[in-house]
1. Excluding LEU42 itself, what net charge comes from residues whose Cβ is under 14 Å from its Cβ, given Lys and Arg +1 and Asp and Glu -1?
2. Between region 135-190 and region 85-113, how many Å separate their Cα centres?
3. Relative to the Cα centre, what is the charge dipole magnitude of region 92-190, using +1 at the beta carbon of each Lys and Arg, -1 at the beta carbon of each Asp and Glu, and rounding to the nearest 20 debye?
4. Using DSSP to define loop residues, name the GluC sites (Glu not before Pro) in region 90-141 whose beta-carbon has at most 14 other beta-carbon atoms within 10 Å.
5. Let's see if you can work this out: charge +1 on each Lys and Arg Cβ, -1 on each Asp and Glu Cβ, no other charges. What is the dipole magnitude of the chain about its Cα centre, in debye to the nearest 20?
6. For GLU77, GLU41, which order do you get if you count the other beta carbons within 10 Å of each Cβ and list the fewest first?
7. Can you tell which of TYR173, SER162, ILE19 lies farthest toward the positive end of the dipole of the chain, using +1 and -1 charges on the Cβ of basic and acidic side chains (Lys, Arg; Asp, Glu)?
8. Given an 8 Å cut-off on Cα distances and at least 6 residues of separation, report the relative contact order of the chain as a percent.
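Quick note: the coordinates plus some simple rules give every number you see, no bench work behind them. Small disclaimer: the values here were computed from a predicted structure and weren't measured. Cβ placement follows ideal geometry from the backbone for every residue including glycine, while neighbour counts extend to all protein chains displayed.
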Amino acid sequence: MTDSKYFKENGYLVIPNFIEENFLEFIQQYFYLRIMAGEAELSDHQAPFGYSFYGDSLMETVLQCSTKEISKLCGIELYPTYSYTRLYKKGDELVCHKDRPECEISATIALGNQGELNTLYFSKDRENIVEVKLNPGDACLYKGSELYHWRDPFTQEWYLQSFIHFVDKNGEYKESIYDGRPYLGMKSCK
């Protein structure tokens, strides 16, 4: 079965080694420096103990550069919308939700962790649950506005991950390219 067929049938696809190991260390140090420099937002509603970064230029570059490959993997020509990076801390939790419609296709990228891996759960109906564990560097592509997804409260000291989001280039939400911003890497216009 091809990747795009698997994705269309199941709504998700694990992509091993999406980010190379030597680049992961760079990304971890980059976000560590941004946090230490006071350039992170504190306590969004999903991660009250951690830090978050909307539209970070480094991850927006990953978003832009991966759009062609992600389009190929899911079998849909895509536009990038935005990236959102979180450093979860012990006690944070990604509550069960579906993404807003402008996040038709999403990928979560595991960027690093201290301690055991945290499980990501997917479900179309909240009953038939799929469990996914990502090693640092792995990504999971999924239909963010169709699948419920969540994580249990974190028991490890930290877990760094980034979401990258896309819309169908020929679909209903194609005007959401760049999340309504003139360019990737800018602060939100909303």
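1. Details: positive: ARG34, ARG86, LYS89; negative: GLU39, GLU41, ASP44, ASP92.
The answer is -1.
2. First find each Cα centre; the distance between them is then 7 Å.
3. Numbers: 12 positive and 17 negative charges, 75 e Å.
Here the size comes out at about 360 debye.
4. Values: sites: GLU93, GLU102, GLU104, GLU116, GLU127, GLU131; in loops: GLU93, GLU102, GLU104, GLU116, GLU127.
Taking region 90-141 and a limit of 14 other Cβ atoms within 10 Å, the loop GluC sites (Glu not before Pro) found are GLU116, GLU127.
5. Values: 20 positive and 29 negative charges, 54 e Å.
Roughly 260 debye for the chain.
6. Details: GLU77 15, GLU41 11.
Lowest count first: GLU41, GLU77.
7. Positive-end residue among those listed: TYR173.
8. Numbers: 429 pairs, mean separation 56.2, N = 190.
Here the relative contact order equals 30 percent.
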